[in-house]
1. Return the residues of region 192-203 that are more than 18 Å from the chain's Cα centre (by Cα) and assigned to a helix (DSSP H, G or I); say none if nothing qualifies.
2. Consider region 88-137. How many of its residues are small (Gly, Ala, Ser) and closer than 14 Å to residue 162 by Cβ?
3. Which of the helices (runs of 4 or more DSSP H) contained wholly in region 117-188 include at least 1 residues that are under 23 Å from the mean Cα position of the chain (by Cα)?
4. Restricting attention to region 204-224, which residues are touching a Ser or Thr at 6+ places or on another chain (Cβ under 8 Å) and not in a helix (DSSP H, G or I)?
5. Identify the residue in region 92-116 that is aromatic (Phe, Trp, Tyr) and assigned to a helix (DSSP H, G or I) and, among all such residues, is modelled with the lowest pLDDT.
6. When you check residue 227 against the structure, is it in contact with a Ser or Thr (Cβ under 8 Å, 6 or more places away or on another chain), in the same structural domain as residue 134 (by TED's automatic domain parsing), crowded, with 19+ Cβ neighbours inside 10 Å and at pLDDT 95 or above, yes or no?
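The values are calculated or read from the model by the stated rules, or taken from the named source; none is laboratory data. Owing to the predicted nature of the structure, the values given are computational and were not obtained by experimental measurement. So basically every Cβ, Gly included, is an ideal-geometry build from the backbone, and we count neighbours across all protein chains shown.
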Amino acid sequence: MDRLDPSQLNSLVKSSFQPDRGAKRPREEDSHEESRGKKSSGRDAGRVLVRSELDSEEQTGDGDKILERLMDQDGEDPEGEPVDESTVKKMILTFEKRSYKNQELRIKFPDNPEKFMEAELDLNDIIQEMHVIATIPELYHLLVELNAVHSLLGLLSHDNTDILIAVVDLLQELTDIDTLHESEEGAEVLIDALLEGQVVALMVQNMERLDETVKEEADGVYNTLAVIENMAEFRPGLCTEAAQQGLMQWLLKRIKAKMPFDANKLYCSEILAILLQNNDKTRELLGEMDGIDVLLQQLSVFKRHNPATPEEQEMMENLFDALCSCLMLPANRDRFLRGEGLQLMNLMLREKKMSRVSALKVLDYGMIGPEGSDNCHKFVDILGLRTIFPLFMKTPKKMKKVGISDKEHEGLWKPSTLEEKCAVLLLTHETPRLCCSSASLPFLIFFSPVLFSLKWI
C-alpha cells in the first residue's frame, strides 16, 4: 500500500473528525459507546479504539503522535479480503436484512426517530460497503438474482434524503461507463433490471425532492444526471423512454429556473443535447412542451453579453446544439418562426458577440430545405440579408475560436453554408413571384452584389 505524504495525512486527520455526509450518528454517553463496541466485530472495535485514542491525543494537542500513529497503521494494515461471489452474496444478504429492519422500525415508530436511527445508520454503512461490487461487473447478475436492484430502487423513495443520496452514489458507480464496458453481459443484466424498475421516473421524482441549495443534495442531483448519462451512452435507445418518463420536462424546468449558473445547469444542458441527438421522437416531445421557447429565452441572455466563464460558454453551445437538433424536425421550424427565433439570431449576428457563429448555424438549420421557405421569407422581411451580406466580403477576425486554424475559421463563414443556401432557397421560392411584382427591384438590389461575388451573374 502506498504511503501518504504529510499534507494528505494532515487532511485525513482533520476529515476524520468531521461528520460523514451520510446518516449522522448521534452523540451518546461513553457507557453506551462501550457497550456498542462490545457488539461490534473485531475490526470495528479496533477502529473505535483507534478513534478514541486519536481523540484523547488531539485533546492534548500532540499532533505529531497522531501523524506517527496513522503512518504506522498505513504500513501495518493487511490487505483487504478478496471479493468473490460468496462475499457479494453475504453483502447483499446483509443489505436486505438491514433494509427490511429499517423499514419495519420506521413503520412501528414513525414519530420516534431514536428508535430507528441506529438501524438507519447500519443501512447507510452497508450501502457504502457495496461500492466494492462496482469493481467486479461480472458479478452484477447477483444484484438482479438476489433482488438487490429492486431494493435499491425502493430506497430511492426513502424519507431520509441521506439514504437516497447514498443509493444514487452507489448506482452512479455501478453504471460508470468504463465499468460497464468491462463486462457487457453483466452490464446488460443490470441496465435491463434498472429500466424494468422505472429507474428514470424514480430519479426524476427524487430530483424534485432535493434542495440544491444544500451542497450534499446538489451533489445528489449531479450524480443522478450522471447515472442517466451513463445508461444513455451505453444504450442510446433508452433516450426516448427516459424523455417520456418526465426527464425532458424536468430538464426544461431546471434550465429555465431562476438560479445562479452552476455545474448542475451545465449538466442539464448536456443531457438535453444528448436526448435530442438523432431522435425525432424526443425532438417532437420538446416542441410539444414549448421547449423551443425555453431554449430561445435562455439563449437571449447571450445576445449582448458573452459567457462569463468557459463552463457557461459550454452551456451556451449545448443549448445551441439542442436548438439545431430540434430544427431538423420540420414541425419545430414553424415553432421557431412563431417564437421569433429569426429575430433573435439576427440580433446576435449584429451584436458580434461569442454567440454569433452559433446563431449563424441555427439559421442554417432553420432555413434549409423546402420546409424552411417560410423562415427564408421572414428573414428577408426583417432585413436579415443586410446582416449576413457583409460576411461575404470579410471574415470577422475577432470571432475566431481558440484552437482552430485560419483556414477552418474562414470555412465557418464562407458563402457555401448558410448564405448560399439562403440565396438558393430565396431564388427558388421567390423569383417567380418577385419578377411579377413591384418587390423585384429591392430584391435584386440586395442580391446583386452577392450573386456577383458568387459568380452567379
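1. Once the filter is applied, which keeps residues that are more than 18 Å from the chain's Cα centre (by Cα) and assigned to a helix (DSSP H, G or I), region 192-203 yields 192, 193, 194, 195, 196.
2. Residues in region 88-137 being small (Gly, Ala, Ser) and closer than 14 Å to residue 162 by Cβ: 1 in total.
3. Passing ranges, in order: 148-155, 161-174, 177-182.
4. 210
5. Among residues in region 92-116 that are aromatic (Phe, Trp, Tyr) and assigned to a helix (DSSP H, G or I), the one modelled with the lowest pLDDT is 116.
6. On the way: in contact with a Ser or Thr (Cβ under 8 Å, 6 or more places away or on another chain): yes; in the same structural domain as residue 134 (by TED's automatic domain parsing): yes; crowded, with 19+ Cβ neighbours inside 10 Å: yes; at pLDDT 95 or above: yes.
Criteria met by residue 227.
Every residue, every condition in (1) within 13 Å of residue 256 (Cα to Cα); (2) of a type in the set (D, E, K, R); (3) free of Cβ contacts under 8 Å to residues at least 12 places away in the same chain, yes or no:
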{"residue": "275", "(1), (2), (3)": "no, no, no"}
{"residue": "280", "(1), (2), (3)": "no, yes, no"}
{"residue": "283", "(1), (2), (3)": "no, yes, no"}
{"residue": "295", "(1), (2), (3)": "yes, no, no"}
{"residue": "303", "(1), (2), (3)": "no, yes, no"}
{"residue": "307", "(1), (2), (3)": "no, no, no"}
{"residue": "311", "(1), (2), (3)": "no, yes, no"}
{"residue": "315", "(1), (2), (3)": "yes, no, no"}
{"residue": "321", "(1), (2), (3)": "no, yes, no"}
